[in-house]
Amino acid sequence: MKILLKPIALLLLTLVVFSCDNENEDIPAVEDRVSSAISALKADLVSPANGWRLNYRPTPDAGAFLMLLTFDESGNVNIRSDVANEGGSYFDETITYRIDSGQGLELIFETFGVFHFLFELDQATFGAEFEWAFDKREGVDLVFTSISDISDPTVITLTPAEPSDDGLFSRDLSANLNKFDTLTGQIFGGILPGQQVQLTDGNVSIFWTIDINKRNIRAEFAGVGLTVTEVLSNTISNIGHTTGYALLDGKIVLDEPFTIAAGGIQRTISELRLDDFDQLGPSLCMTDPSTTLPRYRGFTNTLGNLTMLNSYLSSRGANFTSSVYSVNVDFLFDDQGNALAQTGSINDKFPTASGFVMFYGVQLNDPNIPIYSAGLIMEDGEIYVREYQPTITQVNRVTITLLDSYYYSATPPAGTEQDLKDITDEIFAGGEMYAFDEEVPGAAVFRLINPCNRYEIFLVN
Amino acid sequence: MEKRSAFNFTKFISMTGLFLLMNACYPDETLDVPTNQPPVNLETDLDIYIEENFRKEFGMAIRYRYDDRFVRPTQRVTPPKVELVRPMLDFIQNFWVDPFLEVENGEVYFRGYVPAEVVLLGGLIYNADGTVTLGTADAGAQITFTNVNQIDLNDPGWVSLQLQTVYHEFAHIVHQRNKLPTAFEEITPSGYTSAGSWFNLTDVEALTRGFVTPYATSSPNEDFAETVAVYLYDTDFAQKYLDEIPNCTTPECEAENLGKESIRKKLVSVSEHYKKVVGIDLEEVRTAVQARL
C-alpha cells in the first residue's frame, strides 16, 4: 500500500498539470452559454412576420382563448386577444416580457396583461399562468410548459400566425356575452349566470349555466316551450353535459358537442352562431313586462334559429325541497346589497329580530305553526311568521303566494302583524324565488333570489 | 520519522492534486451567476424616472416587473399594469415620502430608515391556505404594496390599505433598530392575544382592551406599528381612539373609555420614542399626512 501511494500522488499531480489544455478553450463560460441561449430564444420569438398564434387553454376544464403574440427585441410583447373584460383593454395591449435562465430558459410576462387577468380569476385559483419554461422547438413551433402549475402543468404551443388570423377574433361576441353576466347575485361573489337558449323553430328550450370568464358551459336540461311557464308545464329532459368552448368567427364552438332529446327532436349541437344582439330580452320576473335584458339571436348548425336569454331556472337549486330553513337575520339583502337588518326594513320594524325562518312543507312539533310560513325569530326566541300557499320547487323555482294568516309563539307587541305583512310583502314581492346551491363545507346552504326585486336570502337547511 | 515524512508528502501531494482538480478548469466560471434578476432597462421613461427619483435619490429600488423571488413559493401574485406604476409612485411620493421630508429632522430619518426595495403588486397576495395578504414587509429591507391595479385615490378603502401598510411597515423599522419604548408592552399587558387568534376580536373588543385594531393585539411590536400607522392616517383618530365618551352609564361605554385611556398612554409613549430615537415629531407628520387626505 505504501508503495502505491507515491505513484498515485504523482499521477494526480500530472493530471492536474496537463488537464487544462487548449482544447477546452472553445467551450464558452456559463454566462456566455446562458446569454447565447437567451439570445437564441429571443431571436426565435421575434422572428415570425405575423407573430405567434396561441390557442390558450389554461386548464383542461376551461375553454380556449385565441391570442396573437408579437415579441420585439426590446422586451415588449404585443398581445391581441378576444377577452372583452376591463373595457376591452385586453383586445390589444403591449406589456413587457423577459427571458430568464433558471432550471432552463423561462419566458416571463412581467407586467399585467390578459394572462395575469386570467391568472387572478377566482382568487388566483383558476389555474391560468404567465410564467413558462421553454420546452422545445417542434418544427416551426415553440413549446412551453407552465412553471406555476403544481401538477399537470399546462403546455402551450406557439405557432407562427397567418395574416388572416386576426380576422378570427370574435370580440363583439365576447363583449356581448359578458353582458349576460348580470343578475347573478351581488353578495359573496354572486353566482354563475344561467341562460335559456330558445330553439324557436323546434319550440324547445335548453337551459345551461355558463362560465363566461373560463369559457365552459354546463348544459342542464331541455324542455318543450319557449317560456319558463311553458317549459315547467311539460316534461323536462336532463342533459348534464359540461364542455369548454371557444369564440371563433362569430360562433360559440363547443369542445364537446352534446345531444338534446325534447319535443320529439333529437339533435346534436356543436356550435351556435350569434350575430344579432340587443337589450330587449324579457324580464325574469313574471309580473314585470319590461324588456331590457340581454338578448342574442342566431342559429345552430342543426336546430335552426335560436334566441339566447338570461334565466334563473337552473338545476343548481333543485335540492331546495321540503324542510325548515333558517338564517341569521343579517343574511337578507336588498337589491343594493344592504342587509335588511342593518339599514333596511327589518332594522326599522323589528330591531330585535335575530333570525329569519322559512317553514317549507314540514310539520313541526307545534301543530299551530303553519307548515308553509316564513318570518322572523326574535332575540327572546319568539317566532312571528306569515303563512303562504302550499307549493313545490319546480326545478329551482319556488312560488310564494302570501296569505293573510299569521302565527305568533307569544302575543306580539301592537302593530306586529302589519309590520310582518310589510316585510314579507317586500321580501317576496312578485311571488317567486329561485334557489341556488351555495358551496359551504358541512352545510346545506341555499341562496334565494327574487327575480322581481333582486333581493337575496341565504337559508341554511 | 521517515514513515511520517513519506506519509506527509504523499498526503500533501494527493490533497493538493485533488484540490487543484476540483478547481482547475474554467477559472472564469462562477456559481453565482444571476439567474432570475430582471435586467435594469433604462430605456423607458418609467425606468429612468425610477432610477433618478427613487434609486439614486433614496437608494430605494422599485420593483414592478414580476419576479418570483419577491414572494414566497406558495404565494400567488401578479405584477401591476405598467401604466399604473407611475400613478402609484406619485402616491408613494405624496403620502409617504413627502410628509416625512417636510417635518423637522424628517429627511434624515427617512433617508436613514427607508427600505432598500419597494415591490409593487397588481393584486393581493393569495396564499396556499386560502388566506389573502394585504401588505407585507421583510425586516425593514422590503415593503410590498398590493392591489396597485385598483388604484383609486377617491376610494377610502384603497387609500387606507396602502397607507396603513406603509406606515405600519415603516414603523417596524424604528423598533427593530431602537427597540420598543420603555415599558410599552406593560401598558396593556393582559390585552395581547395568543398566537393566531387576533382575528377573533372585533374592533370594539380591541378598543376596550386598549388597542387601535384587533391586529395590534397580536404582539407588542404589532401594537407599536399599528398605533403609529393608524395615528398617522386615520382622520378621526382622536374621536375614535382618544376622546372619552362623556356621561357614560353602561359597562360597555366605561370599558371603551378605559381602552381609550390606554391608547392615550401608548400614543404618548410612541411619540416620545420617535422624538428620542429618530428626532421627529409624529404629530407634525400626522399633520402633513392629513393635509394631503
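Go through the residues of segment A:244-263 one by one and say whether even a single one is more than 30 Å from A:SER164 (Cα to Cα), in contact with a Leu (Cβ under 6 Å, 6 or more places away or on another chain), surrounded by fewer than 17 Cβ atoms within 10 Å (Cβ to Cβ) and β-branched (Val, Ile, Thr). No, because not a single residue in segment A:244-263 is more than 30 Å from A:SER164 (Cα to Cα), in contact with a Leu (Cβ under 6 Å, 6 or more places away or on another chain), surrounded by fewer than 17 Cβ atoms within 10 Å (Cβ to Cβ) and β-branched (Val, Ile, Thr). Looking only at residues in segment A:56-82 that are of a type outside the set (Gly, Ala, Ser) and within 14 Å of another protein chain (Cβ to nearest Cβ), the one that is nearest to the chain's Cα centre (by Cα) is A:PRO58. The test for being facing chain B (nearest Cβ under 10 Å), under 14 Å from A:ILE38 (Cα atoms) and not in a helix (DSSP H, G or I) holds for A:GLU106.
When B:SER194, B:SER160 are checked against the criterion of being surrounded by fewer than 19 Cβ atoms within 10 Å (Cβ to Cβ) and assigned to a helix (DSSP H, G or I), a single residue qualifies: B:SER160. Check segment B:136-145 and report whether any residue there is touching a His at 6+ places or on another chain (Cβ under 9 Å), in a loop (DSSP other than H, G, I, E, B), of a type outside the set (D, E, K, R) and away from chain A (no Cβ under 14 Å). Yes - at least one qualifying residue is present in segment B:136-145. Within this structure, A:ARG137 passes the test of being more than 10 Å from chain B (Cβ to nearest Cβ), loosely packed, with under 15 Cβ neighbours inside 10 Å and either under 26 Å from A:ASP172 (Cβ atoms) or in contact with a strand residue (DSSP E or B) (Cβ under 8 Å, 6 or more places away or on another chain) (or both). If you go through segment A:141-179 and pick out every residue that is more than 25 Å from A:GLU110 (Cα to Cα) and over 26 Å from the mean Cα position of the chain (by Cα), you end up with 5. Of the numbered conditions (1) under 27 Å from B:LEU134 (Cα atoms); (2) surrounded by 19 or more Cβ atoms within 10 Å (Cβ to Cβ); (3) modelled with pLDDT of 95 or more, B:GLN290 fails exactly one; give the number of that condition. Among (1) under 27 Å from B:LEU134 (Cα atoms); (2) surrounded by 19 or more Cβ atoms within 10 Å (Cβ to Cβ); (3) modelled with pLDDT of 95 or more, B:GLN290 violates only (2). Applying the condition of being in contact with a helix residue (DSSP H, G or I) (Cβ under 8 Å, 6 or more places away or on another chain) and among the acidic types (Asp, Glu) to segment A:398-425 and asking which residue is surrounded by the most Cβ atoms within 10 Å (Cβ to Cβ) yields A:ASP419.
Selection of segment A:110-131 for residues being surrounded by 24 or more Cβ atoms within 10 Å (Cβ to Cβ), part of a helix (DSSP H, G or I) and either acidic (Asp, Glu) or facing another protein chain (nearest Cβ under 7 Å) (or both) yields A:HIS116, A:PHE119.
For A:MET67, the criteria (1) surrounded by fewer than 22 Cβ atoms within 10 Å (Cβ to Cβ); (2) in contact (Cβ under 8 Å) with a residue 24 or more places away in the chain; (3) of a type outside the set (S, T, N, Q) hold in every case but one, which is (1). Applying a threshold of 6 Å to beta carbon distances and a minimum spacing of six or more residues, or different chains, the list of pairs starting in segment B:54-79 at a residue that is within 13 Å of another protein chain (Cβ to nearest Cβ) and farther than 18 Å from B:ALA141 by Cβ and ending at one that is small (Gly, Ala, Ser) and surrounded by fewer than 19 Cβ atoms within 10 Å (Cβ to Cβ) reads B:THR74/B:ALA128.
Annotation: of all residues in segment A:419-441 being without any contact (Cβ under 8 Å) to a residue 60 or more places away in the chain and within 23 Å of the chain's Cα centre (by Cα), the one that is nearest to A:ARG397 (Cα to Cα) is A:MET433. Only one of the numbered conditions (1) part of a loop (DSSP other than H, G, I, E, B); (2) more than 23 Å from B:ASP223 (Cβ to Cβ); (3) within 17 Å of the chain's Cα centre (by Cα) is not met by B:GLY130, and that is (3).
For segment A:368-402, what are the residues that are of a type in the set (Ser, Thr, Tyr) and touching a residue at least 40 places away in the same chain (Cβ under 8 Å)? A:TYR388, A:THR393 - these are the residues of segment A:368-402 that are of a type in the set (Ser, Thr, Tyr) and touching a residue at least 40 places away in the same chain (Cβ under 8 Å). Within segment A:83-103, being within 18 Å of the chain's Cα centre (by Cα) and either crowded, with 22+ Cβ neighbours inside 10 Å or within 7 Å of another protein chain (Cβ to nearest Cβ) (or both) holds for A:VAL83, A:ALA84. For segment A:238-275, how many residues meet the condition of being more than 24 Å from the chain's Cα centre (by Cα) and at negative phi? Total meeting the criteria: 6.
The values are calculated or read from the model by the stated rules, or taken from the named source; none is laboratory data. Computed from a predicted model, the values in this text were never measured in an experiment. Ideal geometry is used to build each Cβ from the backbone, glycine not excepted, and the neighbour counts take in all protein chains shown.
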